[in-house]
Amino acid sequence: MSDVVPIKLVCLDLAGTTVGDIAMVERAFAEAIATQGIVPGTGAYARAMVHVHRSRGCPKIDVFRGIFTENEAQAQAANLTFERSYEGALERAGLVPVPGVLEVLDKLRGTGIKLALITGFSRATLSRILSHLGWHDKIDLAISPEDAGGRGRPWPDMVLHAVLRLGVDDVRQVAVIGDSESDMLCGKRAGASIVAGVMTGVHSRERLLKGGATHILDSIADFPGLVLSDDLGTTQVASSAR
């Protein structure tokens, strides 16, 4: 008899996992940093962008606090510029879902699995993203760090918030998918049975495995086959994460 717990909730990242807006996010970070006097072509700018890359998936304000460590006002100002820049890009270019994601959402939801989007964007930015995507009828919940008490990834709070809000009985009934190390840490710390790293985003296979990925996928299109499998034992986990 199998001891596998069926998945009842899937938590999905946005940028780089379900939406292909990585370049927009990178430009918004660069513009925000430049407004605070850290300009391209300097060592300080290069170090700041390395920090941005390493911190992908974390709340945006936390990323800026990691750059402007001694100046909360600068961090807040940079964060405000980031939001304005990114939202301006949304208005100009819109958002493009990654290939196959709509079919993935429909397939998972058609089996009765609950779907939650989790993100490092602010609640205001997340609301604008949802308006552009028009996914309100495809997901059950969309969560920003503010919705979960202020702590975003790599902490487990947003996943656990989804568990509570959607009435999931056991954290082992949760699957998490994302493209960053912080996504993997979040899922691992929340106790999810599946923590899938997808190779369409910002971090390498090695970074995803370091964060605790149980599986590595080429794209989100492979995700339903994993979530709906009735055989998620340790042998499969080990072989999928090579």
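The values are calculated or read from the model by the stated rules, or taken from the named source; none is laboratory data. Bear in mind that the values here come from a model prediction, so they are computed numbers and not experimental data. Neighbour counts run over all protein chains shown; Cβ positions are idealised from the backbone, glycine included. When the accessible area is computed, the model is the full protein with side chains, heavy atoms only, and any ligands, DNA or RNA have been set aside. Shrake-Rupley method; radii C 1.70, N 1.55, O 1.52, S 1.80 Å.
So the values come out like this:
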quantity	calculated
For the stretch 127-135, 3J(HN,Hα) per residue [Karplus equation, 6.51 cos²θ - 1.76 cosθ + 1.60, θ = phi - 60°, Hz, x = Gly/Pro]	4, 5, 4, 5, 5, 5, 6, x, 9
Rough spin-label spacing in nm, given labels placed 7 Å along Cα→Cβ, for residue 22 and residue 210	1.7 nm
Considering only the chain, percent of DSSP beta bridges that pair antiparallel, nearest 5	5 percent
Sequence-separation-based contact order of the stretch 1-68, relative, with Cα cut under 8 Å and 6+ spacing, percent	16 percent
Cα long-axis angle, helix 22-34 against the chain (0 to 90 degrees, to the nearest 10)	30 degrees
Cα gyration tensor shape for the stretch 61-100, rounded if a/c is under 1.5, else prolate or oblate	oblate
Amide H within-cut-off set for residue 19, under 5 Å, with H built and near neighbours excluded	98
Length-normalised contact order of the stretch 49-198 in % [C-alpha pairs under 8 Å, at least 6 apart]	21 percent
Anchor residue 188: lysines whose Cα lies under 22 Å away (excluding residues fewer than 8 positions away in-chain)	8, 60, 114, 210
Summed side-chain charge close to residue 203 - residues other than residue 203 whose Cβ falls under 12 Å, Lys, Arg +1, Asp, Glu -1	0
Carbon/sulfur fraction of accessible area - the stretch 82-165, other protein chains in place, 1.4 Å, %	52 percent
For the stretch 177-192, 3J(HN,Hα) per residue [Karplus equation, 6.51 cos²θ - 1.76 cosθ + 1.60, θ = phi - 60°, Hz, x = Gly/Pro]	9, x, 10, 10, 4, 5, 4, 5, 4, 4, x, 5, 5, 7, x, 5
Average accessible surface area per residue within the chain, 1.4 Å rolling probe, Å²	44 Å²
On Cα atoms only, tilt of 72-93 relative to the major axis of the chain in degrees	70 degrees
Net charge, residue 168 excluded, C-beta distance under 10 Å - Lys, Arg +1, Asp, Glu -1	+2
17 Å Cα-Cα reach of residue 138 towards aspartates and glutamates, excluding residues that sit fewer than 8 places from it in its own chain	13, 103, 106
Relative intensity, log₁₀ I(q)/I(0), of the stretch 35-79 from a Debye sum that treats every alpha carbon as a point, q = 0.17, 0.19, 0.25, 0.26 Å⁻¹	-0.42, -0.53, -0.90, -0.97
